[in-house]
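Below is one structure, written out as structure tokens; the observations come after it.
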Amino acid sequence: MIKINSKKIVLFISLFFLFFLVFLFFETTNMSKSILPGYPGDAFFPRLILIFLLFWTSILLLQNLIKKFSLFKSSDDKETDIEIYFKDITFLFLISIIYILFLDFIGFEILTFSFLFVLLVNRLDLNLGKSMLYSSLISFISMMIFWFVFIIFLRIPFSLKFLPFLIY
Amino acid sequence: MEILLNLPNFILNLFTFTTVLIILSGVFLGILLGALPGFGSAQSLAILFPLTFVMSTSDSLIFLLAVYSAAEYGGSIPAILIKTPGTPANAISILDGYTMAQKGEPKRALQVSLISGVFGGLTSTLIFIVSGTTLAYFGLKFGPGEMFALGIFGLSIIGTFFGKNIAKGFFATGLGLLLATVGTSGFGGMRFVFDQAYLMDGIPLVVIVIGLLACPEAFKLLVDSKNEKKIDKKNFFQKLDKGFRLSFIKRLIPTWIRCSLLGTLIGAIPGAGAAIGSMIAYTQERKWSKLSDKFGTGIDEGIAAPETANNSVVAGTLIPTLALGIPGSGAAAILIGLMISKGVVPGPFLFVDEKNLISLIFGGLIVTNLFLLCIGFFATNLFAKVTSISKKRLGCFVMILIIIGTYSYSNYGAHVLMALILGFLGYIFMKVNIPPIPIVLGFVMSPIIEQNLNRALTIHNGDLTIVLFRPITLTILFLALITIIYGVTTRR
């Protein structure tokens with residue numbers, strides 16, 4: 001877990017976006033020119049948005065850089081220390097990406113069961129043996145429900161290894 | 001008028017096996033998801049959005065409307081029983097609802113909330129029928145320049161009133177507008193694609209909706225609630241609690257009428273939403289009521305006022321959403337997105353070209369509220385149990401639903417990755433008070449605004465001054481400026 005001051009995060013976000021928006025603005029020069037009389041071209045609207053965003057991002061940056069800068073600042077938007085659980089979020093990202101990458105090879109059934117099992121096993125507040133048993137049971141039943149809703153009912157073509165695509 | 005005359009037929013037509021099943025499941029899932037702490041109507045719609053992929057336009061709209069209406073009521077259940085509002089709009093219901101429950105009458109509190117919500121929902125639907133068609137009639141007289149200005153006006157309200165800091169509200173709105181420009185432009189050119197195949201078709205709405213509304217909530221449930229203590233399962237209801245009695249109706253009718261009108265009016269203002277609606281209804285009712293000094297001590301009026309307004313906002317939000325194509329809330333943005341994905345263009349022409357669909361929406365809202373009354377009344381005990389579900393365990397199911405739901409859209413793994421990245425961004429934004437809903441609203445409104453601007457410019461040979469200085473356009477743009485100035489001065 002990392003504790004960061006909200007002001008620092010907003011400062012980072014505004015700085016990051018400021019550079020990114022400038023880069024995008026240069027990108028608009030590669031967009032198609034107008035082919036129709038009156039039509040302002042593909043870059044016109046994105047440029048308007050980018051100018052709008054650059055203005056508000058600069059305001060955000062100034063609000064967090066200069067203490068006395070109070071333009072558009074609200075009294076109830078207070079500075080706090082924020083806890084971010086990077087490890088847990090990275091783990092969530094990792095298992096989600098594994099799920100998507102291996103869906104075609106391993107199949108919907110095993111992956112859905114495993115995904116739920118991995119997440120549930122630490123969250124049941126039971127001893128390891130019981131926790132494993134209950135998470136397996138819950139994961140299996142949930143996988144069957146998801147299979148029924150998404151594959152049988154909604155006909156989404158997921159890769160299946162042993163359950164059928166149709167039951168009627 | 002034609003829509004009004006056809007309404008009874010459409011209501012009767014809704015009673016087919018499939019439609020009844022769709023409404024019933026929408027109401028059931030809506031209450032269930034709404035009752036989960038932290039899950040608002042927008043989040044509930046986001047997570048159930050993939051279920052509409054295989055439904056017809058009318059069925060999917062009715063389903064999402066049922067979820068939307070029911071989730072607004074569902075949010076009051078944890079607010080009343082465990083002092084944890086399901087949605088921000090239900091926070092004010094804690095004052096009298098939770099107090100009444102603590103006095104030993106939780107069933108009465110829940111049923112007052114339910115009946116008030118249904119009254120609000122039905123009344124605002126009737127107002128919606130009249131005002132929606134009238135507004136669309138005026139909308140039909142607007143050209144693309146005026147529609148562009150209306151879009152800007154909508155954005156000014158969204159940016160000003162969403163979130164605690166105006167700069168953050170507008171930053172989020174701008175991000176939404178920008179995200180919508182990714183992919184093919186209306187004239188075939190590519191924008192912000194960076195030679196990546198998965199960006200060529202743009203970012204699908206389902207990815208934005210799930211990524212920014214459902215994903216941060218799943219992260220919060222799984223990660224932030226990791227150290228949550230065990231929840232005691234208790235029996236909320238006692239035999240002495242008789243619930244709602246018919247004698248309450250006469251006393252509560254003035255509150256219901258006042259708050260329905262207030263809720264519908266606030267709902268019709270883009271960006272205002274149910275939270276502001278219920279808050280204003282509570283404070284105003286406290287001024288108007290004869291029992292003003294008893295508010296906060298657990299009285300029926302204290303629950304009825306915010307809950308009536310809260311559900312009235314649903315139909316109120318649909319007024320600008322359907323008649324002008326300006327979504328009033330995150331949930332309305334999802335509804336607009338659904339319509340666009342099914343080939344229906346929201347806006348004044350909807351009331352001319354798709355009269356049947358409009359009648360179906362009106363009828364659907366009425367039937368939904370009647371079903372909500374029945375399900376809510378008889379299944380109070382069941383939904384009360386939802387409040388004891390552990391957040392960290394619930395997060396596991398929300399997470400897998402997000403992955404499966406996003407993947408289902410076009411069986412494309414890149415969409416899941418996009419949703420996860422947006423989810424992480426939304427999660428960080430939520431922590432620093434940058435509201436994610438304006439991103440979704442901006443995303444939905446961006447193509448509408450751009451198309452109208454391009455059309456207006458093409459008509460006037462590219463002269464922006466002619467587009468902007470037409471009397472109605474100028475007035476609307478001036479109103480947008482006033483809105484921002486008002487927001488800046490009142491927030492200090």
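The values are calculated or read from the model by the stated rules, or taken from the named source; none is laboratory data. Note that the structure is a prediction, hence the values are computed from the model and not measured. Please note: Cβ atoms are built from the backbone with ideal geometry, for glycine as well, and neighbour counts cover all protein chains shown.
Here are some notes:
- Note on region B:336-353: residues that are touching a Leu at 6+ places or on another chain (Cβ under 9 Å) and either in a loop (DSSP other than H, G, I, E, B) or of a type in the set (S, T, N, Q) (or both) amount to 7.
- Of B:G462, B:G405, all but one fail to be within 22 Å of B:P216 (Cα to Cα) and at pLDDT below 90; the exception is B:G405.
- Region B:1-87 holds helices (runs of 4 or more DSSP H) entirely within its bounds, and those carrying 2 or more residues that are charged (D, E, K, R) map to B:57-74.
- Within region B:160-205, if we keep just the residues that are polar (S, T, N, Q) and more than 9 Å from every other protein chain (Cβ to nearest Cβ), the residue that is nearest to B:L338 (Cα to Cα) turns out to be B:T184.
- For region B:135-154, the tally of residues that are in a helix (DSSP H, G or I), farther than 18 Å from B:I266 by Cβ and either at the interface with chain A (Cβ under 9 Å from one of its Cβ atoms) or not hydrophobic (A, V, I, L, M, F, W, C) (or both) stands at 6.
- Unique match (being over 27 Å from B:D224 (Cβ atoms), touching a residue at least 40 places away in the same chain (Cβ under 8 Å) and more than 7 Å from chain A (Cβ to nearest Cβ)) among B:I402, B:I437, B:I421, B:I449: B:I449
- Candidates in region B:177-234 are the residues that are modelled with pLDDT under 90, of a type in the set (S, T, Y) and in a loop (DSSP other than H, G, I, E, B); of these, the one that is surrounded by the most Cβ atoms within 10 Å (Cβ to Cβ) is B:S185.
- Residues of region A:1-43 classified as under 19 Å from B:V193 (Cα atoms), in a helix (DSSP H, G or I) and out of contact with any Leu (no Cβ under 8 Å at 6 or more places or on another chain), total: 7
- Selection status of A:L154, in contact (Cβ under 8 Å) with a residue 12 or more places away in the chain, facing chain B (nearest Cβ under 8 Å) and either touching a strand residue (DSSP E or B) at 6+ places or on another chain (Cβ under 6 Å) or at negative phi (or both): no
- Qualifying residue in region B:433-449 (condition: surrounded by fewer than 24 Cβ atoms within 10 Å (Cβ to Cβ) and either outside any helix (DSSP H, G or I) or over 30 Å from the mean Cα position of the chain (by Cα) (or both)): yes
- Residue count, region A:119-155 (criterion: touching a helix residue (DSSP H, G or I) at 6+ places or on another chain (Cβ under 9 Å), over 30 Å from B:M55 (Cα atoms) and surrounded by fewer than 16 Cβ atoms within 10 Å (Cβ to Cβ)): 6
- Test for A:T90: is it more than 7 Å from chain B (Cβ to nearest Cβ), exposed (fewer than 14 other Cβ atoms within 10 Å of the Cβ) and within 18 Å of B:C215 (Cβ to Cβ): yes
- Subset of region B:266-294 [surrounded by fewer than 24 Cβ atoms within 10 Å (Cβ to Cβ) and either in contact with an Asp or Glu (Cβ under 7 Å, 6 or more places away or on another chain) or within 24 Å of B:F162 (Cβ to Cβ) (or both)]: B:I269, B:A272, B:A275, B:I276, B:M279, B:I280, B:T283, B:Q284, B:S289, B:L291
- Odd one out for B:A480 among (1) more than 11 Å from chain A (Cβ to nearest Cβ); (2) surrounded by 22 or more Cβ atoms within 10 Å (Cβ to Cβ): (2)
- Evaluation of B:I47 against (1) aliphatic (A, V, I, L, M); (2) closer than 19 Å to B:T380 by Cβ; (3) surrounded by 21 or more Cβ atoms within 10 Å (Cβ to Cβ) (one fails), failing number: (2)
- Test: residue in region A:59-77 that is crowded, with 16+ Cβ neighbours inside 10 Å and under 30 Å from B:N454 (Cα atoms): yes
- Within region B:386-399, considering residues that are touching a residue at least 60 places away in the same chain (Cβ under 8 Å) and not β-branched (V, I, T), the one farthest from B:I82 (Cα to Cα): B:M399
- Of the residues examined, B:T308 is one that is of a type outside the set (G, A, S), buried (at least 24 other Cβ atoms within 10 Å of the Cβ) and either part of a helix (DSSP H, G or I) or touching an Asp or Glu at 6+ places or on another chain (Cβ under 8 Å) (or both).
- Sole residue being surrounded by 16 or more Cβ atoms within 10 Å (Cβ to Cβ), out of contact with any helix residue (DSSP H, G or I) (no Cβ under 6 Å at 6 or more places or on another chain) and assigned by TED's automatic domain parsing to the domain that holds A:K78, chosen from A:S14, A:S32, A:S6: A:S6
- Scan of region B:289-303 for residues that are of a type in the set (A, V, I, L, M, F, W, C) and under 28 Å from the mean Cα position of the chain (by Cα), ordered by number: B:F295, B:I299, B:I303
- Failed condition for B:G462, given (1) under 22 Å from the mean Cα position of the chain (by Cα); (2) over 30 Å from B:V206 (Cβ atoms); (3) outside any helix (DSSP H, G or I): (1)
- Hits in region B:38-64 (condition: of a type outside the set (S, T, Y) and more than 18 Å from B:I402 (Cβ to Cβ)): B:V54, B:M55, B:D59, B:L61, B:I62, B:F63
- Evaluated against (1) within 12 Å of chain B (Cβ to nearest Cβ); (2) hydrophobic (A, V, I, L, M, F, W, C); (3) free of Cβ contacts under 8 Å to residues at least 12 places away in the same chain, A:L103 falls short on exactly one condition, (3).
- Sole exception among (1) at pLDDT below 90; (2) under 18 Å from B:G169 (Cα atoms); (3) of a type in the set (A, V, I, L, M); (4) more than 23 Å from the chain's Cα centre (by Cα) for B:I472, by number: (2)
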